[in-house]
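In what follows, a single structure is set out as structure tokens and then discussed.
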Amino acid sequence: SPEAGEREPNRELSMAEQPKRFFDLWFVQANTVTKEVPFHVVTDWVQQNRAVADDKVRPSGTSDWYPLGSVNAFQPYFPSAELPPSEEPEEIAPVELEPEWPRSVPDDDDDVDMIPLIDISLVLLIFFMMTMTVSAISRIKVPDMQNATTIETNPEVVRIDIDVRDGGYFYALGLGINAPAAEDDKLESDVVLKQRLDARLSKVVNPPKVRIAAHGDVPYEVVSEILSALEDRRLKGQISEVAVEVNERAKP
């Protein structure tokens with residue numbers, strides 16, 4: 001019977017017994033014993049009022065029983081636990097905490113605010129991008145080439161002249177540095193120029209070189225249209241090579 005090993009109340013467990021942390025719990029009212037219960041489980045049962053002060057407890061593996069309420073290790077977990085009459089509660093001195101004031105930022109702070117610098121960099125970047133875009137689409141005045149008659153003297157070279165007259169563009173077709181024939185001069189459209197060029201190429205055995213002599217005020221778009229037509233004919237084998245010069249009409 002558990003009563004045979006019961007000891008006197010108000011006894012603390014020895015230091016050799018407490019580290020085991022497993023206990024046998026004797027529920028007196030139900031007269032049942034639960035063995036090897038962990039310490040934290042016993043404390044939970046005490047707080048849940050499943051184990052009362054009159055129940056008995058002993059370290060597992062020992063034979064002596066103690067009233068649960070007399071063991072100092074479990075007394076703090078009883079809901080209505082009171083200090084023994086011989087012990088007076090220690091007066092707790094009030095703790096004065098010094099108010100924590102916000103830390104002031106020193107004058108020589110090394111952290112640099114980069115936000116304004118980034119804003120200025122973006123503004124400058126946009127400004128330079130817009131400036132370069134306007135410069136790219138603006139027309140650049142190309143100076144007239146000097147000594148144009150010495151560039152191509154081969155009389156077999158087909159020359160296409162593009163001149164500016166009275167705000168319009170006129171085309172002409174000639175050979176080498178010779179003046180164009182009357183029927184190949186002052187052509188008012190590139191369509192007529194292409195027709196005259198095809199008529200001339202049909203009479204040539206070897207694909208000739210074609211040279212474009214454009215006035216300095218002729219826009220690139222006008223020259224590009226002629227270049228595109230010449231490139232098509234070069235791919236067909238009607239022209240051997242294409243060259244472009246910015247110049248007035250060559251004089252013989």
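The values are calculated or read from the model by the stated rules, or taken from the named source; none is laboratory data. Keep in mind that what you see is a predicted model, and the values were worked out from it rather than measured. Heads up, the Cβs are rebuilt from the backbone with ideal geometry, glycines too, and the neighbour counts pull from every protein chain shown. Remember, those area values only see protein heavy atoms, side chains included, never the ligands or the DNA or RNA. Shrake-Rupley method; radii C 1.70, N 1.55, O 1.52, S 1.80 Å.
Sequence-ordered 3J(HN,Hα) estimates for segment 226-234 from the Karplus curve with 6.51, -1.76 and 1.60 and θ = phi - 60° stand at 5, 4, 5, 5, 5, 5, 4, 6, 5 Hz, glycine and proline given as x.
Distances between placed amide hydrogens fall under 5 Å for PHE23 paired with GLU36, VAL37, SER60, all partners being 5 or more residues away or on another chain. Counting protein heavy atoms only, segment 167-252 has 51 percent of its accessible area on carbon and sulfur, 1.4 angstrom probe. Ranked by the mean number of other Cβ atoms within 10 Å of their residues, highest first, the peptides 113-126, 156-169 come out as 156-169, 113-126.
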